[in-house]
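**Q** Dropping the structure in here first, questions after.
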Amino acid sequence: MARISDFDIDAKGRPSSAAEIVTASGVKIYQLPIETFPGHVNNLSLVCAPGYTLLVDVGTATANDQIDARFAEIRQRFGVDLGPEDVDAVLISHAHIDHFGNAHRFADAGAPLLIHELDARVLMEFEERLVLASRDLGIFLYRAGVRDDHVRAIVSRYQSGKDWFAPIEPAGRLRNGDVLGPGFPLLHVPGHCPGLVCLAVDDVVLTTDHLLSRITPTQAPQSVTPFMGLENYLRSLDKLRRFGDFDLGLGAHEAPILDVRARIDETIEHHMRRLRQALDLCDSPRTIAEISRDLFGPQHGYSVQLALGEAGAHVEFLHELGFLRIDNLDEVAADLQAPGRYLRSGRPLPDRRPD
Ligand SMILES: [Zn+2]
Ligand SMILES: [Zn+2]
C-alpha cells in the first residue's frame, strides 16, 4: 500500500505544501507544488529510487525561487539530501509551457531531458510550433463562427507567448512502453496533448495532466492538432484503466487522486454529460461559437480560447460519430470561410460511451 504524508491544501483544492509518498516497495515520491503562472499551480514530482532520481516536469523559469524553496522544504521535513541540480534525468510529461518552460535550467545542469517523440518537436522548434498552431487555431476559429476581430485578438494573444522559450534538443525521445530508471513504465495517453505520458512507479501512477482530482483536463479538436481530440482522450482513459490497479494517482495539478478508477469513471461521465448538453443545444442549428457560449457563458482573456476548444472537441466527436450533421451545406459549399451549423442527426447518443 502506498502511504502519503500530511500536506496543506488551499480553498481551491490545490496543494500548498510538499508531500511525501512512499510506494509499496519503498520508492519515495515528492510532490512539489509551485505557482507557474499567477493563480496556476503545477505539481512537480521528484521520484527517488535507490541510485536513481527523476524529476517529472520543471515548471516555468519564473518559479525557480519556489522550486528551490520546495527542495529546502523536503530537506527539512523529510531529510531529502538533494538539490534541484542533482537529478539524474528530467521527464517532461507533455509539451505545455507550464510543464516544460524551465527545461533549460535542468539541461544546463546536465540532466538529460526526456519527452515523448510526438512532443519533442515543440521543444526543438518552439517558434515553428507557435506559428503553425496559430494558423491552425485561426482556421478553426473562423470555421467555428467566431467574428474576424475576435479571431485576430485570440490568435495574437496566443502568439504573445513566442518569447517564452528558446529551442532545445531533448536527450531522449520516448515511446509507449519505454521503461525509465529501475523499472518505471511509461504509458502514452494522447488527447489533452499529443505526447502526454503517465508513469507507473510501483502502485502509484503519475497521471500528470491526463487525469486530475477535481477538474477535467482541457480538450481541443484533433482537426487543430493531430493526436488531440475527445475520441483520443477517452481511448486514453481506457488505456490508463488497463495500465494497472493503482493505489494512488498523482496529477500534475491539484491534490492526489485517491481512487484512480473511480476518477476515470467520473471524468468519462462528465464528458458524456457535456456531449448530451451539446447535442440538446443542436435541436436547432448552431455554430461551435454559439454552442460554446451556451455551454460556458461569456468568457474573457485566454478562457475564450479554452471554451471554444472544449466546445469544438465535443462537437467534433458528435459530428465524426454521426450524431450531428451540417445543416447549411450549400452555404459552406459556396464559401470556404462559412461556419458550419450543426444539427442533431437523429442518431441517439448511448448512455455509455460509444465504442
Ligand atoms: Zn497540459
Ligand atoms: Zn498542466
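The values are calculated or read from the model by the stated rules, or taken from the named source; none is laboratory data. Values in this document were obtained by computation on a predicted structure and should not be read as measured data. As a convention, Cβ positions derive from the backbone with ideal geometry for all residues, glycine included, and neighbour counts pool all protein chains shown.
**Q** Being closer than 18 Å to residue 276 by Cβ, in contact (Cβ under 8 Å) with a residue 40 or more places away in the chain and not β-branched (Val, Ile, Thr) is the filter here; which residues of the range 288-304 pass it?
**A** 290, 292
**Q** How many of the residues making up the range 280-316 are surrounded by 21 or more Cβ atoms within 10 Å (Cβ to Cβ) and closer than 15 Å to residue 340 by Cα?
**A** 13
Residue-wise test of (1) more than 16 Å from ligand 1 (Cβ to nearest atom); (2) on the phi > 0 side of the Ramachandran plot; (3) among the aromatic types (Phe, Trp, Tyr); (4) part of a loop (DSSP other than H, G, I, E, B).
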| position | (1), (2), (3), (4) |
| --- | --- |
| 59 | no, yes, no, yes |
| 70 | yes, no, no, no |
| 73 | yes, no, no, no |
| 76 | yes, no, no, no |
| 91 | no, no, no, no |
| 118 | no, no, no, no |
| 122 | no, no, no, no |
| 127 | yes, no, no, no |
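**Q** Would you call residue 194 touching a residue at least 60 places away in the same chain (Cβ under 8 Å), of a type outside the set (A, V, I, L, M) and either within 15 Å of ligand 1 (Cβ to nearest atom) or not in a loop (DSSP other than H, G, I, E, B) (or both)?
**A** For residue 194, the condition - touching a residue at least 60 places away in the same chain (Cβ under 8 Å), of a type outside the set (A, V, I, L, M) and either within 15 Å of ligand 1 (Cβ to nearest atom) or not in a loop (DSSP other than H, G, I, E, B) (or both) - is met.
**Q** Right, here's the next one. Residue 161 passes all but one of (1) among the small types (Gly, Ala, Ser); (2) within 16 Å of ligand 2 (Cβ to nearest atom); (3) under 28 Å from residue 257 (Cβ atoms); which number fails?
**A** Among (1) among the small types (Gly, Ala, Ser); (2) within 16 Å of ligand 2 (Cβ to nearest atom); (3) under 28 Å from residue 257 (Cβ atoms), the lone unmet condition for residue 161 is (3).
**Q** Further question on the same structure: Please verify whether the range 262-280 includes one or more residues that are more than 19 Å from the chain's Cα centre (by Cα) and β-branched (Val, Ile, Thr).
**A** no
**Q** Please work out if residue 95 is within 23 Å of residue 223 (Cα to Cα), within 16 Å of ligand 1 (Cβ to nearest atom) and small (Gly, Ala, Ser).
**A** yes
**Q** Give me a count of the residues in the range 16-34 that are within 16 Å of ligand 2 (Cβ to nearest atom) and either farther than 18 Å from residue 94 by Cα or β-branched (Val, Ile, Thr) (or both).
**A** Start the filter on the range 16-34 by keeping residues that are within 16 Å of ligand 2 (Cβ to nearest atom), which leaves 31-34.
Retained after the next criterion (residues that are either farther than 18 Å from residue 94 by Cα or β-branched (Val, Ile, Thr) (or both)): 34.
Total satisfying the criteria: 1.
**Q** Identify, from the list 173, 242, the residue that is away from ligand 2 (no atom under 16 Å from the Cβ), farther than 30 Å from residue 8 by Cα, in a strand (DSSP E or B) and of a type outside the set (A, V, I, L, M).
**A** 173
**Q** What are the pairs, 6+ residues apart or on separate chains, where a residue within the range 275-287 that is under 16 Å from residue 346 (Cβ atoms) has its Cβ under 8 Å from a residue that is modelled with pLDDT under 95?
**A** From the range 275-287, the pairs are 275/349; 276/349; 279/349.
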